[in-house]
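Asker: Shown below is the structure under consideration.
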């Protein structure tokens with residue numbers, strides 16, 4: 001009888017417990033999956049452009065601004081390298097972007113900068129309203 005008392009007490013202490021089954025680990029119907037946070041914006045280039053030519057109009061007049069910027073950059077470092085990057089909304093206008101970047105390169109070369117110090121590039125940015133040509137120095 002003395003052995004029966006601890007067993008009865010142990011059984012009585014588990015009366016408030018529930019058994020473990022599939023419902024224990026199933027999510028409650030009220031719990032809904034939280035939407036994934038939006039991905040962080042992709043940064044095309046962290047550098048600040050020396051000049052940004054925006055093509056919201058077909059033929060922007062950038063010659064004087066570009067000339068002044070190139071002269072200022074050349075006065076600081078006569079061996080400065082230029083990255084002329086055409087930034088487009090998508091690749092469907094790649095040939096036009098290439099042509100515009102080449103025109104900007106020729107404008108820089110008119111300021112007596114050798115072609116070996118000018119590097120052309122093409123990038124896409126789906127958030128862009130109008131295509132651009134950006135000139136960076138390195």
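The values are calculated or read from the model by the stated rules, or taken from the named source; none is laboratory data. All values reported here derive from a predicted model rather than from experimental measurement. In this analysis, Cβ positions are derived from the backbone assuming ideal geometry, glycine residues included, and neighbour counts consider all displayed protein chains.
Asker: Please count how many residues of the stretch 121-138 are over 19 Å from residue 65 (Cα atoms) and surrounded by 13 or more Cβ atoms within 10 Å (Cβ to Cβ).
Answerer: 6
A quick yes/no check of all residues on (1) in contact with a strand residue (DSSP E or B) (Cβ under 9 Å, 6 or more places away or on another chain); (2) exposed (fewer than 10 other Cβ atoms within 10 Å of the Cβ); (3) modelled with pLDDT of 75 or more:
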residue	(1), (2), (3)
12	no, yes, no
17	no, yes, no
25	no, yes, no
33	no, yes, no
48	yes, yes, yes
63	no, no, yes
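Asker: Take the conditions under 15 Å from residue 62 (Cβ atoms), touching a strand residue (DSSP E or B) at 6+ places or on another chain (Cβ under 6 Å) and either loosely packed, with under 15 Cβ neighbours inside 10 Å or without any contact (Cβ under 8 Å) to a residue 60 or more places away in the chain (or both) and apply them to residue 85. Does it pass?
Answerer: Taking the combined requirement at face value, the residue satisfies it.
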